[in-house]
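S.K.: One structure coming up, written as structure tokens, with questions to follow.
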Amino acid sequence: DAGITQSPRHKVTETGTPVTLRCHQTENHRYMYWYRQDPGHGLRLIHYSYGVKDTDKGEVSDGYSVSRSKTEDFLLTLESATSSQTSVYFCATGPTGLGQETQYFGPGTRLLVL
Amino acid sequence: DQQVKQNSPSLSVQEGRISILNCDYTNSMFDYFLWYKKYPAEGPTFLISISSIKDKNEDGRFTVFLNKSAKHLSLHIVPSQPGDSAVYFCAASGGANFGNEKLTFGTGTRLTIIP
């Protein structure tokens, strides 16, 4: 398994506060992804990165920003958290980004916005 | 617009019998399909995949079937075991013009194997 860690694993925050989630990988994979998992919606792509400082939007990017200053780290920021962003967030990585390759997922971060 | 659909939110199967999980897609640009398995409090893990040039792929107890004309794929698990109880997601990716680097996931099916 690819070494992917996410921090924090659980977080409770209040509406309007900024939140940053961190994904760290030890596999030197080029591609990194942030997803959110919600009941009835499955996994939806928020943002992804195809290299250091290279990022692009996914399906549900509004209200989120990302940064990747090092190959191993991909940060997801909620500038001003809202209750609709209560979710489980998963980071994933892929060596080349080709659609037929497996993506490797981290353990997830459970976020509750009150 | 849900481009990958799993219409059964849950499925219960007796241990030892066959489990069949279904997935439908709407976008004809998808050319590669994957199944992921997810246990509670863990991230999804890759299970099996199939290219659009094939109609079947087998890996041990797991077989994925693809019907391109119907835009339908299914995952068969034979025989089903208690450890197969999990949520299963199907996912699809398109060619270079569609966004080859991105996966579109279905909503998931919770499979429960009854001992």
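No value in this document is a laboratory result; all are computed from the given coordinates. It should be emphasised that the depicted structure is a prediction, and the values quoted were computed from it without experimental measurement. Cβ coordinates were reconstructed from backbone atoms using ideal geometry, including for glycine residues, and neighbour counts include every protein chain displayed.
S.K.: Evaluate the distance, in nm, between pseudo-label points positioned 7 Å from the Cα of A:Glu79 and of B:Ser8 along their respective Cα→Cβ axes.
M.R.: 4.4
S.K.: From other protein chains only, count the Cβ atoms within 10 Å of every residue's Cβ in B:35-42, then give the mean.
M.R.: 2
S.K.: Using mean Cβ contacts within 10 Å as the protection proxy, how do B:108-115, A:103-110 order, highest first?
M.R.: A:103-110, B:108-115
S.K.: Right, next: If you average the alpha carbon positions of the stretch B:35-49 and of the stretch A:47-94, how far apart do those two centres end up, in angstrom?
M.R.: The stretch B:35-49 and the stretch A:47-94 have Cα centres separated by 21 Å.
S.K.: How shielded is A:29-42 by partner chains, expressed as the average number of their Cβ atoms within 10 Å of its Cβ atoms?
M.R.: Averaged over the peptide's residues, the number is 3.
S.K.: Where in the stretch A:33-55 does the amide nitrogen come within less than 18 Å of the point 7 Å from the Cα of A:Thr71, taken along Cα to Cβ?
M.R.: Residues passing the 18 Å test: A:33, A:49-55.
S.K.: So, by mean Cβ neighbours within 10 angstrom, what's the order for A:6-13, A:71-78 with the highest one leading?
M.R.: So the order, starting with the most tightly packed, is A:71-78, A:6-13.
S.K.: Just to be sure I understand: if I project the alpha-carbon convex hull of the protein assembly as shown onto a plane and average over all orientations, what area do I get in nm²?
M.R.: Over every viewing direction, the Cα hull of the protein assembly as shown projects on average to 12.1 nm².
S.K.: For chain B, what does the alpha-carbon gyration tensor say about shape, rounded, prolate or oblate, given a ≥ b ≥ c as the root eigenvalues, a/c under 1.5 as rounded, and a/b over b/c as prolate?
M.R.: prolate
S.K.: Based on the inverse mean of 1/r over its pairs of different Cα atoms, what is the Kirkwood hydrodynamic radius of the stretch A:13-114, in Å?
M.R.: Kirkwood radius, the stretch A:13-114: 13.7 Å.
S.K.: Just checking the output field for A:81-92: average partner chain Cβ neighbours within 10 Å of each residue's Cβ?
M.R.: Across the residues of A:81-92, the mean count of other-chain Cβ atoms within 10 Å is 1.
S.K.: Okay, next question. If the limit is 30 Å between Cα atoms, which of A:Lys53/B:Lys56; A:Lys53/B:Lys5; B:Lys5/B:Lys54 go over it?
M.R.: In this structure, A:Lys53/B:Lys56; A:Lys53/B:Lys5 exceed 30 Å between Cα atoms.
S.K.: What aspartates and glutamates could a cross-link reach from A:Lys57, if we take a straight Cα to Cα line under 14 Å and drop same-chain neighbours fewer than 8 places away?
M.R.: B:Glu101
S.K.: Packing-wise, with mean Cβ within 10 Å as the measure, how do B:40-51, B:81-92 rank, highest first?
M.R.: Those peptides, ordered most packed to least, come out B:81-92, B:40-51.
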